[in-house]
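J.: Sharing a structure with you now.
The values are calculated or read from the model by the stated rules, or taken from the named source; none is laboratory data. All figures in this text were calculated on a predicted structure; none of them were measured in a lab. Cβ placement follows ideal geometry from the backbone for every residue including glycine, while neighbour counts extend to all protein chains displayed.
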Amino acid sequence: MPTQVLIVDHHSTVRLGLAAFLRTAPDLAVCGQAADATQAMIMLKAFRPDVVVLDIQLPTSNGLELVERIKAHDQTVRILVWSFFADQVHADLVLSAGASGHLSKNVPIGRILDAIRRVRDGRVLLCEDTAE
């Protein structure tokens, strides 16, 4: 059974693009897409994803707070924060909030598949950037 992924980002183009890209991976499936924290929590409860990929910049909520809310609701879900904030400070903050990983949106798109698989498998993923 494919890993169920919930995408949370306030940019519809980002959500749709990531969902289309994830469809190329037979072991991953998008179970839902949310534009804000309220939608994310509704979809989390309805679809019980294995992995949530979320941006920390959301219109009605701080993404760090959403990470904490998700983990309070379901400790088993893995969270990958995918953000333009690519510094160590943000990586530390998201990991402290309960996320399993932090990936820069500046990395080549192909890296997100590996990142999702890594956090799904219980590994911690630290921020990577194109400057590596």
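J.: Identify, from the list 67, 53, the residue that is modelled with pLDDT of 95 or more and touching a Phe, Trp or Tyr at 6+ places or on another chain (Cβ under 7 Å).
T.: Answer to the check: 53.
J.: Got a sec? Which of 90, 10 is surrounded by fewer than 22 Cβ atoms within 10 Å (Cβ to Cβ), within 15 Å of residue 105 (Cβ to Cβ), in contact with a Cys (Cβ under 9 Å, 6 or more places away or on another chain) and not basic (Lys, Arg)?
T.: Only one candidate passes the filter, namely 90.
J.: Answer yes or no: is there a residue in region 86-104 that is in a helix (DSSP H, G or I), touching a Leu at 6+ places or on another chain (Cβ under 7 Å), closer than 21 Å to residue 33 by Cβ and not aliphatic (A, V, I, L, M).
T.: No: zero hits.
J.: Which residues, counting only those in region 70-85, are assigned to a loop (DSSP other than H, G, I, E, B), at pLDDT 95 or above and surrounded by 17 or more Cβ atoms within 10 Å (Cβ to Cβ)?
T.: 77
J.: How many of the residues making up region 33-78 are under 24 Å from residue 123 (Cβ atoms) and either free of Cβ contacts under 8 Å to residues at least 24 places away in the same chain or not aliphatic (A, V, I, L, M) (or both)?
T.: 15
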